[in-house]
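Contents: one structure, followed by commentary.
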Amino acid sequence: MPITKSAKKALRQSLRRRDRNVARKASMEKVVKNYTKLLKSKKLDEAKNYFASVQKALDKAAKQGIIKKNTASRKISRLSLRLK
């Protein structure tokens, strides 16, 4: 456990940031999961329309530092290939 005042504050900050990051990552993963469900159920028209929100969620996660930029780019690329 932290002893100094600044260490206590740093712990509080890191716990708040962790909660925020976990929530953001979960929402990103939820969007990707919904997209893959659409693809598996052969609803290609809905998947095409939903792909924009998938791309937005991955780009936003990369911008916020949840995932790296290249990881987001790779996931977008692979998900778009699955649509084609």
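The values are calculated or read from the model by the stated rules, or taken from the named source; none is laboratory data. Keep in mind that what you see is a predicted model, and the values were worked out from it rather than measured. We place every Cβ from the backbone using ideal geometry, glycine too, and count neighbours over all the protein chains shown.
Within the range 55-84, residues that are closer than 24 Å to LEU38 by Cα reach partners that are surrounded by fewer than 14 Cβ atoms within 10 Å (Cβ to Cβ) with beta carbons closer than 6 Å, at six or more positions or on different chains, in the pairs ALA62/LYS69.
If you filter the range 6-31 down to residues that are within 14 Å of LEU79 (Cα to Cα) and in contact (Cβ under 8 Å) with a residue 24 or more places away in the chain, you find that the one that is surrounded by the fewest Cβ atoms within 10 Å (Cβ to Cβ) is VAL31. The residues listed here are LYS37, LYS48, LYS9; of these, the one that is of a type outside the set (Phe, Trp, Tyr), in a helix (DSSP H, G or I) and at pLDDT 95 or above is LYS9.
Can you confirm whether the range 18-25 contains a residue that is assigned to a loop (DSSP other than H, G, I, E, B) and either within 11 Å of the chain's Cα centre (by Cα) or among the polar types (S, T, N, Q) (or both)? Within the range 18-25, not a single residue is assigned to a loop (DSSP other than H, G, I, E, B) and either within 11 Å of the chain's Cα centre (by Cα) or among the polar types (S, T, N, Q) (or both). Checking each residue in the range 51-72 for being assigned to a helix (DSSP H, G or I) and under 11 Å from the mean Cα position of the chain (by Cα) picks out VAL54, GLN55, LYS56, ALA57, LEU58, ASP59, LYS60, ALA61, ALA62, LYS63, THR71, ALA72.
In the range 32-79, the qualifying residues are those that are loosely packed, with under 13 Cβ neighbours inside 10 Å and of a type in the set (S, T, N, Q), and the one that is nearest to ARG18 (Cα to Cα) is ASN70.
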